[in-house]
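Asks: Would you mind keeping the following structure in view while I ask a few things?
The values are calculated or read from the model by the stated rules, or taken from the named source; none is laboratory data. What you see is a predicted model, and the numbers here were worked out from it, not measured in a lab. Backbone-built Cβ (ideal geometry, glycine too); neighbour counts: all protein chains shown. We work out accessible area using only protein heavy atoms, side chains counted, and drop any ligands, DNA or RNA first. Shrake-Rupley method; radii C 1.70, N 1.55, O 1.52, S 1.80 Å.
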Amino acid sequence: MKPQLLIIAVAFSVIGCASQPPTHIALNPQVPSITQQTSAQLPIAIETIDTRSANFIVRFNDGDNAARLVSPSEAPRVQMDQVFRDGFSQAGYHVDPSSVKHLQIQIEQLLTDVDEGTFGFEANSQIIINVIAQNTHQSLTKRYRAKGMLKGPFSADFATLELEMNKLLGELTRDIINDPELNQFIQQ
């Protein structure tokens with residue numbers, strides 16, 4: 001009798017663990033394809049900051065019930081800082097913290113809102129990054145946006161949401177690093 005109770009208890013604990021939804025999303029932004037912008041190895045300082053008011057990146061809305069919030073497994077600021085450093089290096093710049101040419105990259109919004117219904121889900125993603133470029137005489141501020149929408153049957157799975165967010169981050173990073181106006185300003 002006791003072994004049967006032990007087996008039943010283990011089975012219920014395994015089922016309980018399996019029904020727990022993940023609590024974190026693993027972003028993995030990659031350096032997109034970059035066009036060479038300069039061959040002069042111009043020095044630039046890069047600083048990435050996160051100005052978002054909350055840490056979560058996915059919000060599962062459930063009608064009148066409290067939303068389920070999902071945080072990133074690693075700080076987006078750290079990941080995006082590395083992507084921008086690598087990307088601007090590939091574009092021909094030399095990342096030097098003491099440079100008078102300075103780029104401040106501000107993550108203003110990084111959020112996917114998921115609405116789940118009886119027959120499927122709809123996920124709307126929006127990413128906003130502000131870039132403030134400064135040299136000794138002037139500054140340039142630009143805002144970059146990326147939006148995406150997914151629809152599907154059943155409920156949204158984390159792998160699909162991760163792929164969509166990483167795709168949008170890649171597109172936005174490419175647009176920023178390859179932006180002709182920004183590069184012209186940096187090269188002045």
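Asks: Are any residues in the range 87-114 polar (S, T, N, Q) and either buried (at least 18 other Cβ atoms within 10 Å of the Cβ) or under 11 Å from the mean Cα position of the chain (by Cα) (or both), and if so, which ones? Please lay out each step first, then the result.
Replies: Filtering the range 87-114 down to residues polar (S, T, N, Q) leaves 89-90, 98-99, 104, 106, 109, 112.
Scanning the range 87-114 gives Q106, Q109, T112.
Asks: Please identify the pairs in which a residue from the range 145-170 that is aromatic (F, W, Y) has its Cβ atom under 7 Å from the Cβ atom of a residue that is open to solvent by 20 Å² or more (accessible area, probe 1.4 Å), counting only partners at least 6 apart or on another chain.
Replies: F158/P22
Asks: When both residues are 6+ apart or on different chains and their Cβ atoms are under 9 Å apart, which pairs have a first residue that lies in the range 44-72 and is on the phi > 0 side of the Ramachandran plot, and a second that is in a loop (DSSP other than H, G, I, E, B)?
Replies: That search, which allows pairs on different chains as well, returns nothing.
Asks: What residue, of L161, L168, is in contact with a strand residue (DSSP E or B) (Cβ under 9 Å, 6 or more places away or on another chain), open to solvent by less than 30 Å² (accessible area, probe 1.4 Å), under 21 Å from P32 (Cβ atoms) and modelled with pLDDT under 95?
Replies: From the options L161, L168, the qualifying one is L161.
Asks: Whether any residue in the range 47-62 is closer than 25 Å to H137 by Cβ and of a type in the set (F, W, Y) is what I want to check.
Replies: No, that holds for no residue.
Asks: Within the range 32-86, can you find the residues that are in a loop (DSSP other than H, G, I, E, B), within 29 Å of V100 (Cβ to Cβ) and more than 20 Å from the chain's Cα centre (by Cα)?
Replies: T35, Q36, Q37, T38, S39, A40, Q41, L42
Asks: Sort out which residues of the range 133-158 are within 25 Å of T35 (Cβ to Cβ) and of a type in the set (A, V, I, L, M), and write them in order of number.
Replies: A133, L140, A146, listed by residue number.
Asks: For the range 115-143, give me each residue that is open to solvent by less than 50 Å² (accessible area, probe 1.4 Å), farther than 25 Å from V78 by Cα and not small (G, A, S).
Replies: F121
Asks: Taking A67 as the residue in question, decide whether it is in contact with a Leu (Cβ under 9 Å, 6 or more places away or on another chain) and open to solvent by 10 Å² or more (accessible area, probe 1.4 Å). Don't jump to the end; show me each part of the working.
Replies: Details: in contact with a Leu (Cβ under 9 Å, 6 or more places away or on another chain): no; open to solvent by 10 Å² or more (accessible area, probe 1.4 Å): yes.
No, not satisfied.
Asks: Same structure, new question: If N61 meets every condition in (1) within 23 Å of N178 (Cα to Cα); (2) out of contact with any Gly (no Cβ under 9 Å at 6 or more places or on another chain) apart from one, which number is that one?
Replies: (1)
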